[in-house]
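First comes the structure, then the notes that go with it.
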Amino acid sequence: MKIIPVKLFADGYMLQPFAFGGEEGPDKFDPAVRYRSALTNYLIDTGNEVILVDTGMPDAYPEQVPDEKTPIYMGHKVNPYVSALKDAGYTPDQVSRIYITHKHADHTGVLSKFPHAEIYASEIEAASEELRGLPNVHAVSFTDGPYDVFEKSQTIAPGIRYVFAPGHTTGNSIVIAEDEGLYYMIHGDITYTDEALYENKLSVVYEDVKAARHTLDLVRTFIRNHPTVYVSTHTPLGYENLAAKRIVDLDHMPEPLPVKDVVRRAASGKFVCSVCGYVYDSAAGDPEHGIPAGTKFEDLPDDWKCPRCKQSKDKFERA
């Protein structure tokens with residue numbers, strides 16, 4: 001079995017209040033503390049088939065133009081998803097199955113590029129707007145029973161489990177692959193950065209905070225009981241852990257590496273939801289919700305919310 005990163009964005013950062021403030025509140029944490037950020041999805045080559053876990057941002061997603069208040073900046077675009085997949089040594093035609101951790105655009109953005117692959121998501125996520133209408137989506141009901149501390153699971157292939165892990169979204173799931181005595185946990189957004197795992201903190205992004213807390217507790221219990229490589233989406237620690245086969249020791253957090261300097265780019269006039277990736281374009285407006293074309297983001301009503309995930313205006317960043 002081989003687990004391979006598909007690298008999409010690099011050299012970003014996130015603020016501690018975003019990464020840690022889900023329960024105590026972001027005001028309890030220091031916005032001057034930054035952690036490295038990126039965007040990476042993963043591929044599992046079993047030797048018999050190629051399985052993807054999530055599929056990146058839409059190709060048209062504009063790069064963010066961060067400032068000192070930006071809660072999470074994924075960094076500069078390394079490659080569109082299919083090009084990144086080819087850099088990893090694979091083509092879309094080789095992919096037989098795709099497992100989705102959750103519905104957000106940075107995990108489902110290019111599913112349409114894989115018309116011949118079967119797509120699997122929890123029943124809740126399969127019914128979401130993001131996945132609705134795709135003909136090759138299968139709803140997973142987790143009929144294989146518990147997996148270790150987790151209550152619901154489905155076997156993907158020998159040594160690979162799809163595990164129900166709600167909270168970040170109500171249908172959130174993770175993938176755990178066992179290989180040569182190690183457990184590789186490809187977890188989507190259980191935490192946005194590994195430092196939050198070590199410090200036992202939830203991010204500010206969740207649909208059900210009680211479920212998110214329960215899931216993080218189960219993840220930490222599993223990690224204490226098994227030699228686990230924590231394979232993250234939004235930090236370069238994900239692929240660094242993978243390359244080094246680095247096992248989590250929850251009692252000894254590695255020293256965080258410094259964030260790289262950000263290369264500033266000109267703003268496009270668009271704004272991006274930092275939660276789900278929805279792009280507000282003033283040229284198009286949001287007619288479905290009474291916002292005519294030509295409405296600048298700054299002129300949107302204070303109670304306007306993201307049409308996709310219903311987050312408030314303050315979750316949007318300049319692109």
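Every number in this text was worked out from the coordinates using simple rules, so none of it is lab data. Remember, it's a predicted structure, so these values are computed and weren't measured experimentally. Reconstructed Cβ throughout: ideal geometry from the backbone, glycine too, with neighbour counts over all protein chains shown.
Listed values, structure above:
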quantity: Ellipticity estimate at 222 nm from DSSP helix runs (n ≥ 4, -39,500 (n - 2.57)) divided over the chain, nearest 500; calculated: -4000 deg cm²/dmol
quantity: Cβ-Cβ FRET estimate between Glu49 and Glu23, R0 fixed at 41 Å, reported to 0.05; calculated: 0.55
quantity: Subset of Lys2/Lys310; Lys113/Lys245; Lys270/Lys310; Lys113/Lys210; Lys2/Lys103; Lys86/Lys245 violating a 27 Å alpha-carbon distance limit; calculated: Lys2/Lys310; Lys113/Lys245; Lys113/Lys210
quantity: Helix 209-225 axis, angle to the chain major axis (alpha carbon atoms, nearest 10°); calculated: 40 degrees
quantity: Spin-label pair Arg213/Ala293, simplified geometry with 7 Å Cα→Cβ offset, distance in nm; calculated: 4.8 nm
quantity: Mean separation of Cα contacts under 8 Å, 6 or more apart, over the residue count of region 270-318: relative contact order %; calculated: 40 percent
quantity: Cβ-derived FRET efficiency at R0 30 Å, Glu68 paired with Ile247, nearest 0.05; calculated: 0.25
quantity: Equivalent ellipsoid dimensions for the chain as semi-axes, Å, which come from the Cα gyration tensor, largest first; calculated: 29, 23, 19
quantity: Listed peptides 161-173, 3-15 by packing density, highest first (mean Cβ within 10 Å); calculated: 161-173, 3-15
quantity: Residue-span extension gain [Asp59 to Ala284] - 0.36 nm each, minus C-alpha spacing; calculated: 79.2 nm
quantity: Cα-projected label distance for Asp144 with Glu123, points at 7 Å along beta-carbon direction, nm; calculated: 1.9 nm
quantity: Centroid-to-centroid separation of region 71-120 and region 268-318 [C-alpha atoms, Å]; calculated: 25 Å
quantity: The chain - percent relative contact order, Cα under 8 Å, separation 6 or more; calculated: 18 percent
